[in-house]
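Everything below concerns the one structure shown next.
Every read-out reported here was derived from the displayed coordinates using simple, explicitly stated rules and does not represent laboratory data. Predicted model only: the values in this text are computed from it and were never measured. Because the Cβ atoms are built from the backbone with ideal geometry, glycine has one as well, and the counts that use them run over all protein chains shown.
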Amino acid sequence: MNDAIRPQIQPGIMEIALYVSGQSSLAGKAEVLKLSSNENPYGPSPKAQAAFAEASANLHRYPSTDHAELRAAIGAVQGLDPDRIICGVGSDEVLQFITQAYAGPGDECITTEHGFSMYPILAHAAGAVPVEVSETERRVDVDKILAAVTERTRIVFIANPANPTGTMVAEDNLRRLAQSLPGSVILVLDGAYAEFAEGFDGGVSLVDEFPNVVMTRTFSKIHGLGGLRIGWGYAQREIIDVLNRIRQPFNLSMAQMGAAEAAIRDVDYTRFCASENAKWRDFLRHGLVQMGVGCDESYANFVLARFDSPAEADAADAALKEDGILVRKVAGYKLPNCLRITVGDEDACRRILGVLARFKGIR
């Protein structure tokens with residue numbers, strides 16, 4: 001073999017910055033309060049835990065390839081057509097299917113200034129070019145997105161509610177965007193945090209109306225199944241049929257599907273988690289604002305705390321770590337003066353505010 005010749009890497013791959021997850025441990029701290037990854041502080045539904053345990057008796061069996069029972073459960077609870085649902089290894093895999101199917105070399109995928117970091121990764125992986133559009137005061141701006149659309153645009157990615165800002169695009173603006181985009185452009189509405197925004201359907205009505213709109217959701221957040229990696233997407237049948245052609249047949253295990261089905265059917269537990277999150281999210285945001293820390297209204301399960309400078313944000317992060325609390329620095333999202341703080345339970349929220357009050361010199 002000629003050592004001077006190397007395998008050729010596909011276009012875009014080396015442009016990918018490796019994803020960095022939220023920190024989960026601290027040197028010298030046996031126990032930490034982890035508020036860095038937007039996890040459900042109450043964990044998964046007990047019914048989901050029982051279903052996962054029950055699945056252990058059949059680990060030698062291959063799972064179904066069509067996810068029929070899980071799709072039926074999602075459809076029943078959400079009022080959706082199961083034949084227009086696709087399931088994946090987290091909603092990230094569904095987003096990957098969309099990008100792989102509809103974008104390639106020479107194409108463009110629109111993301112926004114503070115948008116989820118997976119979007120440009122997926123674009124690069126397909127050989128496409130991510131086009132970043134600026135936001136307006138940490139909010140997605142529909143007019144700026146429309147101004148950035150070209151004949152090469154294939155996908156527009158919007159997280160709603162957004163990560164890491166927690167802000168939302170109003171439903172009338174989403175509809176205006178869907179109406180104004182060319183029919184050749186896929187509008188992806190990433191609803192990983194949709195259940196935390198009261199009264200928001202995640203984009204279902206737009207999917208039903210427009211053939212180029214896709215909605216994605218996850219079991220990682222409100223359902224507390226981040227460790228199992230389960231997500232789903234909803235679109236008109238033509239798109240779902242395309243995505244299923246590139247989905248691996250056994251991409252979800254029986255244990256994943258059993259736990260997810262039990263979780264989504266446990267609507268009382270889901271309502272409990274949403275209610276508790278709303279209560280302590282408002283408490284946490286109000287406390288931060290009262291001590292002079294900027295904080296937009298959040299529609300997710302976290303808040304974005306804005307400090308006066310990157311140096312103050314770093315110092316606040318250090319003070320929290322000293323107390324054994326992990327939050328997320330978001331300089332990589334072009335928010336160097338901010339910390340993203342997951343909404344925990346009552347004790348966690350009170351502890352956060354106590355540490356930051358001492359840091360700010362407030363008694």
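Which of 94, 80, 51 sits farthest toward the positive end of the charge dipole of segment 33-94, with +1 on the Cβ of Lys and Arg and -1 on the Cβ of Asp and Glu?
In segment 33-94, that residue is 51.
Sorted from fewest to most neighbouring beta carbons within 10 Å, what does the list 253, 309, 180 look like?
Details: 253 18, 309 10, 180 13.
Least crowded to most crowded, the residues run 309, 180, 253.
What length, rounded to one decimal in nm, is gained on full extension from residue 147 through to residue 360, with 0.36 nm per residue of separation minus their alpha-carbon distance? Don't jump to the answer; show the numbers that get you there.
Numbers: separation 213, 0.36 × 213 = 76.68 nm, distance 4.19 nm.
Contour length minus Cα-Cα distance gives 72.5 nm.
Shape verdict for segment 251-315, please, from the Cα gyration tensor: rounded (a/c under 1.5), prolate (a/b greater than b/c) or oblate. Each step should come with its number before you reach the end.
Values: a/c = 5.16, a/b = 2.12, b/c = 2.43.
In terms of gyration-tensor shape, oblate.
For Cα pairs less than 8 Å apart in space and 6+ apart in sequence, what is the mean separation divided by the residue count of segment 46-265, i.e. the relative contact order in percent? Could the numbers behind the result be given before it?
On the way: 412 pairs, mean separation 64.8, N = 220.
Over segment 46-265, the number comes to 29 percent.
Considering only C-alpha atoms, what is the centroid distance from segment 204-254 to segment 132-157, in Å?
Using only Cα atoms, the two centres lie 23 Å from each other.
Read phi for every residue in segment 340-355 and hand back ³J(HN,Hα) as whole Hz from Karplus 6.51 cos²θ - 1.76 cosθ + 1.60, θ = phi - 60°, with x for Gly and Pro.
After applying 6.51 cos²θ - 1.76 cosθ + 1.60, I find 8, 10, 5, 6, x, 7, 4, 4, 5, 5, 5, 5, 4, 5, x, 5 Hz.
Whole-Hz Karplus ³J(HN,Hα) for segment 157-162, in order, using 6.51 cos²θ - 1.76 cosθ + 1.60 and θ = phi - 60°, x for Gly and Pro?
9, 9, 8, 9, x, 8
Beyond a 22 Å Cα-Cα separation, which of these cross-linked pairs lie in this structure: 144/334; 144/279; 29/279; 29/329? Write out the running numbers ahead of the final one.
Details: 144/334 18 Å; 144/279 34 Å; 29/279 29 Å; 29/329 19 Å.
In this structure, 144/279; 29/279 exceed 22 Å between Cα atoms.
Out of the DSSP beta bridges found with both residues in the chain, what percent are antiparallel (nearest 5)?
Details: 17 of 36 bridges.
Of the beta bridges lying entirely in the chain, close to 45 percent run antiparallel.
Starting at the first residue of segment 66-76, write each ³J(HN,Hα) from the Karplus equation 6.51 cos²θ - 1.76 cosθ + 1.60 with θ = phi - 60°, in whole Hz, x for Gly and Pro.
10, 6, 4, 5, 5, 5, 5, 5, 4, x, 5
By its C-alpha gyration tensor, with a ≥ b ≥ c as the square roots of the eigenvalues, how is segment 279-363 shaped: rounded for a/c under 1.5, else prolate for a/b larger than b/c, else oblate? Spell out each step's value before the answer.
Values: a/c = 1.37, a/b = 1.11, b/c = 1.24.
Since a/c stays below 1.5, the shape of segment 279-363 is classed as rounded.
On a straight-distance basis, which aspartates and glutamates could pair with residue 34 in a cross-link, Cα separation under 20 angstrom, same-chain partners fewer than 8 positions away excluded?
276, 282, 314, 317, 322, 323, 345, 346, 347
If you average the C-alpha positions of segment 23-65 and of segment 294-337 separately, how far apart do those two centres end up, in angstrom?
Measuring centre to centre over Cα atoms gives 26 Å.
What is the mean projected area of the alpha carbon convex hull for the chain, to one decimal in square nanometres?
Working: hull surface 85.3 nm².
About 21.3 nm², averaged over all directions.
Suppose the chain between residue 134 and residue 322 were pulled fully straight at 0.36 nm per residue; how much longer would it get relative to their current alpha carbon spacing?
Numbers: separation 188, 0.36 × 188 = 67.68 nm, distance 3.50 nm.
Between residue 134 and residue 322, full extension yields 64.2 nm more.
How far apart, in nm, are the 7 Å Cα→Cβ label points at residue 312 and residue 62?
Each label point is offset 7 Å from its Cα along the Cβ direction, giving 6.0 nm.
Placing unit charges on C-beta atoms (Lys and Arg positive, Asp and Glu negative, everything else neutral), compute the dipole magnitude of the chain about its Cα centre in debye, rounded to 20. Before the final figure, lay out the partial values.
On the way: 36 positive and 46 negative charges, 143 e Å.
The dipole of the chain has a size of about 680 debye.
Starting from the Cα-Cα distance between residue 209 and residue 347, subtract it from 0.36 nm times their residue separation and give me the gain in nm to one decimal. The partial results should precede the final answer.
Details: separation 138, 0.36 × 138 = 49.68 nm, distance 4.37 nm.
The residue 209-residue 347 span can extend by a further 45.3 nm.
Looking at the square roots a ≥ b ≥ c of the eigenvalues of the Cα gyration tensor of segment 159-244, which shape do they give, rounded for a/c under 1.5, prolate if a/b is larger than b/c, or oblate? Present the calculation step by step, with values, prior to reporting the outcome.
Details: a/c = 2.24, a/b = 1.25, b/c = 1.79.
Cα axes put segment 159-244 in the oblate bin.
Dipole of segment 84-188, Cα-centred, from +1 at each Lys and Arg C-beta and -1 at each Asp and Glu C-beta, to the nearest 20 debye? Mind showing how you got there, number by number?
Details: 8 positive and 13 negative charges, 46 e Å.
I would put it at about 220 debye.
Determine, for each peptide in 192-205, 274-287, the mean count of other beta carbons within 10 angstrom over its residues, then list the peptides with the highest first. List each step's numbers first, then the result.
On the way: 192-205: 19.4, 274-287: 17.9.
Highest mean packing first, the order is 192-205, 274-287.
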